[in-house]
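The values are calculated or read from the model by the stated rules, or taken from the named source; none is laboratory data. Only a predicted model underlies this, so the values are computations on that prediction, with no experimental measurement involved. Cβ coordinates were reconstructed from backbone atoms using ideal geometry, including for glycine residues, and neighbour counts include every protein chain displayed.
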Amino acid sequence: MTANHETGCLDRNINEDGHAPIQAVIFDMDGVLIDSEPIYFEIERSSFHHFGADVTIQEHHSFVGVTLESMWQQVIDKYQVNTPLEEILVYHQQQVMEQMLAHPGLTPMPGVERWVQWLHEQRIPIAVASSSPRALIDLIMDKTGLAPYFEVRMTGEEVEHGKPAPDIFIAAAKQIGISPANCLVIEDSRNGVQAAKSASMRCIGYRNPGSGNQNLSQADLQVSSYDELWTMKDTLPFESPAPNLSGSL
């Protein structure tokens, strides 16, 4: 694990004296709970080709964490794609759902289940906040066995502005009933980390090679695995919220 700016001060930003306790954890889904980014990447490459957009690999990586609508609108504008956005989205989402349903290797990231089970035992509320559509989030939660842990699921479809805007994390915190200052976000993309920090939340950057070369420097911490994060669980300022904070804000 590395700190943002000072090697050796691993949890300085998250656990500094006087900092608010962590009373909830909000997870991104793709690339954080499951290693789905390489699957999406291939689907998107195929879809770009299908609609005649010669998107570079570097540009493609810049879309990690944003909504499909935002990604495709940028592609349409830059590459002068004539197909309407709505038609592209229907085609793309159909491809994603079909391949995710059929994919044999759709499993949680190594160590995720132990981590979320521990948070559950500590009575720390958790949520998933993903730019993916709700139907896809529900499918993945069910297929990976993570559904019982993530009753709170916030999607990019339900907020006005997608990542890197903070809307999705603020909405997730409100649904959990915890102040943003008491939330910790785990994200694998530059857009997601920026959204978390803009929401005034602490953030752990999850370095996933499958998510491309993401700049996670705004994160308070960076880790490469849940095993790495597990070794720090007792040093982070977790605190179960009081009963009167378990409802809505």
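Structure above, values below:
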| read-out | value |
| --- | --- |
| Neighbours by Cβ (under 9 Å, 6+ apart or cross-chain): first from segment 97-112, touching a residue at least 60 places away in the same chain (Cβ under 8 Å) and on the phi > 0 side of the Ramachandran plot; second surrounded by 14 or more Cβ atoms within 10 Å (Cβ to Cβ) and of a type in the set (A, V, I, L, M) | GLY111/LEU229 |
| Set PRO164, PRO241: member being touching a Pro at 6+ places or on another chain (Cβ under 8 Å) and not in a helix (DSSP H, G or I) | PRO241 |
| Some residue of segment 175-185 being farther than 21 Å from LEU68 by Cβ, more than 14 Å from the chain's Cα centre (by Cα) and at pLDDT below 95 | no |
| Qualifying residue in segment 72-82 (condition: in a loop (DSSP other than H, G, I, E, B), touching a helix residue (DSSP H, G or I) at 6+ places or on another chain (Cβ under 8 Å) and not basic (Lys, Arg)) | yes |
| Residue tally, condition surrounded by 16 or more Cβ atoms within 10 Å (Cβ to Cβ), outside the structural domain of VAL25 (by TED's automatic domain parsing) and either over 24 Å from SER211 (Cβ atoms) or of a type in the set (Phe, Trp, Tyr) (or both), over segment 73-121 | 1 |
| Verdict on ILE170 being in a helix (DSSP H, G or I), touching a Pro at 6+ places or on another chain (Cβ under 7 Å) and over 20 Å from TRP72 (Cα atoms) | yes |
| Answer residue from segment 122-159, given it is in a loop (DSSP other than H, G, I, E, B) and among the polar types (S, T, N, Q) and is surrounded by the most Cβ atoms within 10 Å (Cβ to Cβ) among those | SER131 |
| Residue check for LEU216: touching a Lys or Arg at 6+ places or on another chain (Cβ under 7 Å) and either closer than 20 Å to SER36 by Cα or surrounded by 16 or more Cβ atoms within 10 Å (Cβ to Cβ) (or both) | yes |
| Scope segment 200-213; condition in a loop (DSSP other than H, G, I, E, B) and either buried (at least 24 other Cβ atoms within 10 Å of the Cβ) or of a type in the set (S, T, N, Q) (or both); matching residues | SER200, MET201, ASN208, ASN213 |
| Segment 25-68, residues that are touching a helix residue (DSSP H, G or I) at 6+ places or on another chain (Cβ under 8 Å), of a type in the set (A, V, I, L, M) and within 30 Å of GLN117 (Cα to Cα) | VAL25, ILE26, MET29, LEU33, ILE34, ILE39, VAL64, VAL66 |
| Matching residues, segment 57-98, being hydroxyl-bearing (Ser, Thr, Tyr) and modelled with pLDDT under 95 | SER62, THR67, SER70 |
| Selection within segment 176-192 - more than 14 Å from PHE27 (Cβ to Cβ) and either charged (D, E, K, R) or in a helix (DSSP H, G or I) (or both) | PRO180, ALA181, ASN182, ARG190, ASN191 |
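Per-residue answers, yes or no, for (1) at pLDDT below 95; (2) touching a Cys at 6+ places or on another chain (Cβ under 8 Å):
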{"site": "ALA195", "(1), (2)": "no, no"}
{"site": "ARG202", "(1), (2)": "no, yes"}
{"site": "SER225", "(1), (2)": "no, no"}
{"site": "PRO237", "(1), (2)": "no, no"}
{"site": "LEU245", "(1), (2)": "yes, no"}
